[in-house]
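Peer 1: Structure provided below as structure tokens; questions to follow.
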Ligand SMILES: NC(=O)c1ccc[n+]([C@@H]2O[C@H](COP(=O)([O-])OP(=O)(O)OC[C@H]3O[C@@H](n4cnc5c(N)ncnc54)[C@H](OP(=O)(O)O)[C@@H]3O)[C@@H](O)[C@H]2O)c1
């Protein structure tokens, strides 16, 4: 089966590599062609535009930064939606807000294209090891069609419900991810200021019942203050913005998440957007040492 894939970033490039391992013929496009070089060497076919991908496949995946990127690639000039055959299937794995997923489902339906929102839990390592969890919104028959492809890239599939329900569950998860990371960073900074070494704090807090298990995977980054991106901080801020849009649409107040979202925005303004989102620790630490210098002077 020929599969189209658009978006060769941290996640998409690894997902494509796993589809290749399972023998799928893949046609790929990425805004920046350089990022596709290794996959092309490994047999993926390059298309010059998303539209050209669409003319050759029955299923097309997107793994893109945000709604703007998806709009460009799907509906922009040379976008793929106008070029897919009737009854083809579009699976969007990007993290976006549920009403945007429903809007894309409608755009697809207007062109007789089937749609699934299928965002993933798991980061760079899980994408590499085909251990992603797909949270899917859409028609059960379409989920069934994609099952072997999800299996090639992931370890678990949750069919949550109708269009927009996959992205709904994903946003609930990323609300926890973003706020937990920021709270943990603050706990480390406070503990150190109170005289406990970072080594001891990490030893006691990681694995403690109050700490989210994923934080153990950030230990080395925190120890070395080396924040090479697994999940770029700018996309965490974007995801919390997606959460804010979704919460606004259903009339839910998210005061804690909203405050944390703005902390990530400030970190982006300090140039940390392309670092891993755990670099929020470095941003907060910098802020607290500035405050401590000022209070010592006073
Ligand atoms: N990394 C993670 O741990 C993780 C985990 C779960 C979900 N996600 C979600 O997965 C998606 C991709 O994340 P990632 O980590 O792979 O990010 P990434 O490495 O930054 O890749 C982003 C992709 O989007 C493309 N893109 C960005 N803006 C574009 C535009 N205006 N027009 C066309 N293409 C555009 C990029 O193209 P270029 O290469 O040309 O920049 C690249 O292919 C995001 O929605 C993210 O929230 C990420």
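Peer 1: Please state the shape class of region 2-161: rounded when a/c is under 1.5, otherwise prolate if a/b exceeds b/c and oblate if not, all from the C-alpha gyration tensor.
Peer 2: rounded
Peer 1: Can you list the equivalent-ellipsoid semi-axes of region 1-69, largest first and in whole Å, using the square root of 5 times each Cα gyration tensor eigenvalue?
Peer 2: Over the Cα atoms of region 1-69, the semi-axes work out to 16, 14, 11 Å.
Peer 1: What list do you get for 179, 95, 37, 32 if you sort them by fewest beta carbons within 10 Å?
Peer 2: Sorted ascending by nearby Cβ count, the order is 32, 37, 179, 95.
Peer 1: OK, next. Give the Cα extents of the chain along the principal axes, in whole Å, largest first.
Peer 2: 69, 45, 35
Peer 1: Using all C-alpha to C-alpha distances in region 135-203, build P(r) with 10 Å bins and read off the rounded percent in each one.
Peer 2: Answer for region 135-203: a P(r) of 18, 29, 19, 17, 14, 3 percent.
Peer 1: Further question: Per 5 Å bin, what percent of the C-alpha pairs of region 168-297 does each bin hold, from zero upward?
Peer 2: Percent of pairs per bin, in order: 2, 10, 20, 22, 19, 14, 7, 3, 1, 0.
Peer 1: Within a 10 angstrom radius of the beta carbon, how do 156, 14, 102 rank from fewest other beta carbons to most?
Peer 2: 156, 102, 14
Peer 1: What value, in deg cm²/dmol to 500, does the helix sum -39500 (n - 2.57) over DSSP H runs of n ≥ 4 give at 222 nm once divided by the residues of the chain?
Peer 2: Mean residue ellipticity, 222 nm, calculated: -16500 deg cm²/dmol.
Peer 1: Here's a follow-up. Between residue 216 and residue 258, 0.36 nm times their residue separation minus their Cα-Cα distance comes to what?
Peer 2: Result: 12.6 nm gained on full extension.
Peer 1: Let me ask something else about it. Only Cα pairs under 8 Å and at least 6 apart count here; give the relative contact order of region 168-297 as a rounded whole percent.
Peer 2: 34 percent
Peer 1: Now for a different question. Sort 151, 261 by Cβ crowding within 10 Å, fewest neighbours at the top.
Peer 2: 151, 261
Read-outs: derived from the displayed coordinates by stated rules, not from any lab. Everything quoted here is computed from the prediction, not taken from an experiment. Here the Cβ is made from the backbone with ideal geometry for all residues, glycine too, and neighbour counts use every protein chain on show.
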